[in-house]
Amino acid sequence: MRFMMIHYLDEAVLDDMDTPEFDREIEAWDDEMDRRGILVGGGRLETASLTVTIRERAGEVLIADGPFAETKEQIAGYAVLECQDLTEAIEVSTRHPTVRFGAFELRPYAD
């Protein structure tokens, strides 16, 4: 099964974690998931302040600066996982270093 693992993080906390040691932890997770054939894609996103939100209402396109969420946590990145099932996807996600101060949404791909 393919899952999208969406990273939700408070960017202020992420800035504090931007150290060579933390980068090595992330690289170690990426390397292990590559070896296991689980990590099929992903990436880190730029800061939420560069976000544009687009909607269409009543035929009018509305463009607004920034994300609109009732939380300090924003989508910071994502990983595409190929796992046997939800149990394996949870196991893999709980080993990612950012789980200590953020959250992950695991969403299965639609067939």
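The values are calculated or read from the model by the stated rules, or taken from the named source; none is laboratory data. All of these numbers come straight from a predicted model, not from anything done at the bench. Please note: Cβ atoms are built from the backbone with ideal geometry, for glycine as well, and neighbour counts cover all protein chains shown. The protein model used for the area step is the full one, side chains on, heavy atoms only, and it has no ligands, DNA or RNA in it. Shrake-Rupley method; radii C 1.70, N 1.55, O 1.52, S 1.80 Å.
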Cβ neighbours within 10 Å, averaged per peptide: list 26-34, 12-20, 50-58 in order, most packed at the top. 26-34, 12-20, 50-58
Solvent-accessible area, 1.4 Å probe, carbon plus sulfur percent, for the stretch 1-79: 51 percent
Sorted by packing (mean other beta-carbon atoms within 10 Å per residue), highest first, where do 36-49, 74-87 land? 74-87, 36-49
Count charges around G102 for me, please; just the other residues with Cβ under 9 Å from its Cβ, Lys/Arg as +1, Asp/Glu as -1. -1
The extension gain from R100 to E25, computed as 0.36 nm times the residue separation minus the Cα-Cα distance, is 25.8 nm
Computed FRET value (nearest 0.05) for S49 with I6, which takes r as the C-beta separation and R₀ as 25 Å: 0.85
In this structure, the FRET efficiency calculated for A110 and D85 from their beta-carbon separation, with R0 = 22 Å, to the nearest 0.05, is 0.85
What does the net charge come to around I38 if you take all other residues with beta carbon closer than 13 Å to its beta carbon, with K and R at +1 and D and E at -1? -4
